[in-house]
Structures are given as structure tokens and as C-alpha cells.
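*Asks:* Once you've had a glance at the structure underneath, I'll fire off some questions.
The numbers here are math on the coordinates, done by the rules we state, and not lab data. From a predicted model like this one, the values you see are computed outputs, not experimental measurements. Heads up, the Cβs are rebuilt from the backbone with ideal geometry, glycines too, and the neighbour counts pull from every protein chain shown.
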Amino acid sequence: MSQLPFSELKLHTNVLENLSSLNYDMMTPIQAKSLPHILAGKDVIAQSQTGSGKTAAFGLGLLEKLDVKKMHVQSLVLCPTRELADQVAKELRKLARTVPNVKILTLCGGMPMRAQLGSLEYGAHMIVGTPGRIEDHLNRGSLQLKALQILVMDEADRMLEMGFQSALDAIVKHTPEQRQTLLFSATFQGQTKSIAKRMMQQPVIVQVASTHDDKSIEQHFYQVGDDDESRLQAIRLLLLQYKPESAVVFCNTKRETEDVANALIYEGFSALALNGDLEQRDRDQVMVRFANKSVSILVATDVAARGLDIDGLDAVINYELAHDSEIHVHRIGRTGRAGKQGVACTLFTLRDDYKMTVLGDYLERDINAEALPSKNLLKESAFKAVMTTLQIGGGKKQKLRPGDILGALTAGNDIAGKQVGKIHVMDQWAYVAVSRDVSKLALKKLGDGKLKGRSFRVRVI
């Protein structure tokens with residue numbers, strides 16, 4: 001089933017041609033199992049992990065039902081975080097690039113309301129957003145869902161964990177009863193089952209096991225003492241042993257993310273905490289710096305890490321065991337993708353004996369504790385991130401483009417193109433990663449020079 005080509009589906013010719021140009025030839029397991037039901041107009045509950053191709057699964061269904069001649073909201077995709085909503089909207093636009101005049105809007109909290117209100121005045125075919133902001137627009141009357149055909153709840157389990165149940169209920173009340181509802185979730189239990197029962201009609205349930213092959217993830221388990229000092233020393237040893245360019249350390253509480261990140265920074269590592277207490281602007285900076293490799297270690301909670309889409313994540317370290325086995329698999333599945341090898345290290349204590357037994361049964365393997373790397377490693381200096389991030393006090397509103405920033409940095413040939421990393425241009429700010437060894441020169445060039453004929457403030461963050 002997972003080897004079916006997209007050409008087997010009854011899709012519009014231009015959509016199939018676009019899929020071919022994107023090198024989307026064979027369906028992933030979740031696509032093969034869910035797409036026929038989605039195209040048939042059935043409600044679908046799909047359980048699969050991040051990175052399984054679920055966005056294309058429901059995205060193709062949305063496009064197939066779309067009537068571009070009717071400028072009203074025909075589909076709504078709800079996501080738990082702004083980062084995931086941005087990724088979904090980007091993927092939908094990519095899938096829709098050969099369908100003329102498709103308008104896809106992203107409506108998320110943390111972004112200016114006025115700009116969103118202006119965009120909505122001109123109508124849209126598809127909306128991708130977070131529940132809180134969608135509910136705000138519905139209450140204002142700026143968003144109408146009377147003609148909605150398809151409602152998608154992406155990562156429904158995390159939306160419920162984040163407290164969006166009342167917002168989801170309120171949104172559904174604004175949609176027609178005769179609609180198609182698609183629910184995608186990494187887990188399917190408790191609240192997720194309850195909301196599916198209330199909002200869906202005779203749904204087809206499809207399940208796909210983790211798409212991450214055990215062979216691509218090297219799992220290690222280490223028993224530590226039941227105290228912070230033992231755990232932190234173990235984390236340091238593992239980081240010094242593997243020296244990951246990009247690693248995520250998972251904690252179970254917000255407080256732990258701050259404590260662990262601060263302890264790693266004190267020891268000389270480049271680390272940042274990611275949790276739900278961060279303001280959106282601070283969260284954006286954390287995500288940008290980690291994605292562009294100017295921070296090596298992200299210390300995060302499960303909920304805050306939803307929507308992370310980092311290419312080439314080298315390692316995942318569990319500061320403590322996840323609350324359940326499915327979450328453990330979801331955590332480690334962020335490494336070892338796209339044919340690359342990844343490392344997953346998990347710390348546990350004697351008190352975790354029962355949890356470890358349950359996890360072993362779930363993974364269908366015997367779990368044996370390994371010896372931690374030698375403490376002699378603690379004599380080594382902490383490794384630094386390979387890049388540094390510069391923040392520029394201007395963005396899309398000032399007509400800045402990535403090419404302007406790259407051109408200014410590489411002018412004069414004293415900074416090579418390969419020494420410039422990812423460039424993110426936002427509404428009022430822009431961020432550029434540069435190799436650490438040319439960061440001072442890059443700061444001077446951008447600070448003393450001009451972009452678009454204007455001077456901008458530039459600083460290292």
C-alpha cells in the first residue's frame with residue numbers, strides 16, 4: 001500500500017504534474033492509507049508521527065475539492081503553534097503552485113491583527129491558523145465559515161494538551177454540520193477520542209507506525225541518580241561524547257528547561273530554553289537561532305517543541321523519561337530522518353523501573369542500561385555553535401529581501417557565500433547566520449553599510 005504512486009489517484013492533471021516536479025512520486029504510508037478516503041469525502045482520523053507526509057495527505061484533499069472561482073473560505077486547517085501553521089501554509093502553497101489564483105492565509109496569534117483584518121477583507125480560499133486567533137476573528141465577524149467544506153485539525157492531541165478544547169468547540173459551532181472533518185494526531189486517546197466523537201461523523205480510522213526506521217536511530221539508555229546534579233553531568237558527558245551540531249534536550253516541565261539551559265550555558269555550551277512562557281518575539285528568535293545553527297542545543301518541553309522542523313537534527317536527549325511511550329517515540333523520531341543517522345539518549349532512574357518495562361514492551365526490545373562516557377571528558381572545553389546570528393532592524397515592511405542581505409555581506413569578496421547561512425526576513429526584523437570566524441566583519445559591513453539605500457541597526461544575538 002505504501003508503494004502506491006500518486007498517479008494511481010484521481011487527481012487533477014496539473015496537480016499531478018506539480019507533484020512530479022516536486023519529486024513526490026510514491027505515497028508515504030499515511031498518504032496511501034488516508035488519501036483515498038479523504039478524496040471520497042469521508043471523515044478521517046489519521047494517527048501518524050511528525051515527518052510522515054500528513055500535510056500533503058490532507059493538502060491534496062483540500063486542493064481537489066477547491067473551487068477557485070468562489071472567493072470564500074472553503075477549508076480551515078487548525079494547528080497548535082504558529083511555527084507549525086507557517087510550515088503547513090508553506091507546504092500548501094507549494095502543492096498549489098500550478099493551481100491559478102489560490103489564496104491561502106495564515107492567521108496566528110503573536111502577529112498584528114490589523115494586517116490580518118486587511119487580508120481577510122479580500123477573501124481567501126484556505127485558512128491555516130491557531131485556534132485562539134481563529135476564534136478571535138470569528139468573534140469579531142472578520143472571518144466567516146458558513147461555506148466551509150473541510151475542517152482539518154492537525155496535531156489535535158497537542159492542541160488539546162495546550163488547552164484549546166473550548167476554542168475548538170467554539171470554532172466548530174461556526175461551521176456547517178455537513179462538512180468533512182479530518183483529524184491528524186500522533187496519539188489517539190483520552191481527550192482526542194472525545195473531541196473526535198463530538199465533531200466527526202462515522203470517521204475512518206487509519207494508523208501508521210512511526211515512519212522512522214530503528215536502523216536510522218541509535219538508541220542508548222543510561223541509569224542516573226535521582227538528582228539534578230547526576231542528570232546534568234550525564235547530559236554534559238553525552239554532549240561532549242557526540243558533539244552534535246544540533247541537539248534537542250527534552251524536559252517534562254517548563255522550569256526544568258530553564259534550569260538545564262542555564263546550567264549548560266554556565267558550562268560553556270550554546271543552549272537556549274524553549275517553553276510555553278516565552279513571548280512570541282522571543283520564541284521566534286530561539287527558533288531562528290537553532291534552525292540556523294548559531295545555537296547547538298535546544299532545551300524544550302514536548303508541547304513547545306511541536307512544529308519544530310529542523311533539518312538534520314543530530315541527537316535527541318531525554319533529560320527524563322517521557323510521560324508515555326508514544327511521546328518517547330515522537331521525541332526520538334525527530335532525529336535520523338531523510339536517510340541520515342541519528343542518536344537518541346535517554347536518562348532514567350531506579351524509580352522508573354515500571355515505565356522502562358512498559359517502554360520496552362512498546363518498543364518490542366530489551367532495554368539494558370549502558371555505562372556513561374568517561375568522566376575524563378569533563379576536562380574538555382564545551383564546543384561552540386558553528387554560526388552566529390545577526391539581527392537587522394528592518395524586514396519585509398522595509399522591502400528587505402534575503403538577496404539584499406547576502407549581496408551586502410559578500411560584496412568585496414572578504415566574506416564568501418559559503419560563510420553565510422540561513423537568512424530569515426520577517427515583518428520588522430531580519431536575521432542572518434554567518435560563520436563565527438567572520439561575525440565581527442559581517443557586523444561591521446552591515447552596520448556601516450546600507451541595504452536598499454538605507455542604514456539599519458545591526459546587532460549580534
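*Asks:* Classify the range 6-207 from the C-alpha gyration tensor, please: rounded if a/c falls under 1.5, else prolate or oblate depending on whether a/b exceeds b/c.
*Replies:* oblate
*Asks:* Modelling each spin label as a point 7 Å along the Cα-to-Cβ direction, I'd like the GLU245/ASP25 distance in nm, to one decimal.
*Replies:* 2.7
*Asks:* Between TYR122 and ILE461, what FRET efficiency comes out of the Förster formula 1/(1 + (r/R0)^6) with R0 = 25 Å and r the beta carbon distance, rounded to 0.05?
*Replies:* FRET efficiency, ILE461 to TYR122: 0.10.
*Asks:* Let me ask something additional. Sketch the reach of a paramagnetic label on LEU39 as a point 7 Å from Cα along Cα-to-Cβ, and name the residues of the range 58-74 whose backbone nitrogen lies under 15 Å away.
*Replies:* 58-66
*Asks:* I need the calculated FRET efficiency for the pair ASP282 and THR253, taking r as the beta carbon distance and R₀ as 22 Å, to the nearest 0.05.
*Replies:* 0.75
*Asks:* Same structure again: When a footprinting reagent is the concern and you count Cβ atoms within 10 Å, what order do LYS375, LYS65 take, fewest first?
*Replies:* LYS375, LYS65
*Asks:* Using alpha carbons only, how many angstrom separate the centre of the range 125-173 from the centre of the range 353-369?
*Replies:* That distance is 38 Å.
*Asks:* Restricting things to alpha carbons, find the Rg to Rh ratio for the range 387-460 using the Kirkwood radius for Rh.
*Replies:* Using Cα coordinates only, the ratio equals 0.91.
*Asks:* With contacts defined as alpha carbon pairs under 8 Å and 6 or more residues apart, what's the relative contact order of the chain in percent?
*Replies:* Reported as a whole number, the value is 14 percent.
*Asks:* Separate question: Could you tell me what fraction of 2.2 N^0.38 Å the Cα radius of gyration of the range 88-243 comes to, as a two-decimal ratio?
*Replies:* 1.39
*Asks:* Does the range 214-379 classify as rounded, prolate or oblate by the C-alpha gyration tensor (a ≥ b ≥ c root eigenvalues; a/c under 1.5 gives rounded; else a/b over b/c gives prolate, otherwise oblate)?
*Replies:* Rounded, since a/c falls under 1.5.
*Asks:* Something else now. List the equivalent ellipsoid semi-axes of the chain in whole Å, largest first, each obtained as the square root of 5λ for an eigenvalue λ of the Cα gyration tensor.
*Replies:* 36, 31, 20
*Asks:* Please give the charge dipole size of the range 387-460, origin at the Cα centre, charges +1 on K and R Cβ atoms and -1 on D and E Cβ atoms. Round to the nearest 20 debye.
*Replies:* 220
*Asks:* Right, another one. Run the helix sum for the chain: -39,500 (n - 2.57) per DSSP H stretch of 4+ residues, divided by residue count, reported at 222 nm to the nearest 500 deg cm²/dmol.
*Replies:* -10500 deg cm²/dmol
*Asks:* Give, rounded to the nearest 20 debye, the magnitude of the charge dipole that the chain has about its Cα centre when Lys and Arg contribute +1 at Cβ and Asp and Glu contribute -1 at Cβ.
*Replies:* Using only the charged Cβ atoms, the result is roughly 2300 debye.
*Asks:* A follow-up question, please. Looking at the chain, send over the antiparallel percent of its DSSP beta bridges, to the nearest 5.
*Replies:* Rounded to the nearest five, the antiparallel share is 25 percent.
*Asks:* Work from the charge dipole of the range 387-460 (Cβ charges, +1 for Lys and Arg, -1 for Asp and Glu, about the Cα centre) and give the residue of LEU441, PHE456, PRO402 farthest towards its positive end.
*Replies:* Farthest towards the positive end: PHE456.
*Asks:* Starting from the Cα-Cα distance between SER166 and LYS452, subtract it from 0.36 nm times their residue separation and give me the gain in nm to one decimal.
*Replies:* Stretched out fully, the SER166 to LYS452 stretch lengthens by 98.3 nm.
*Asks:* Magnitude of the Cβ-charge dipole of the range 214-379, K/R +1 and D/E -1, about the Cα centre, nearest 20 debye?
*Replies:* Charge dipole, the range 214-379, about its Cα centre: 600 debye, nearest 20.
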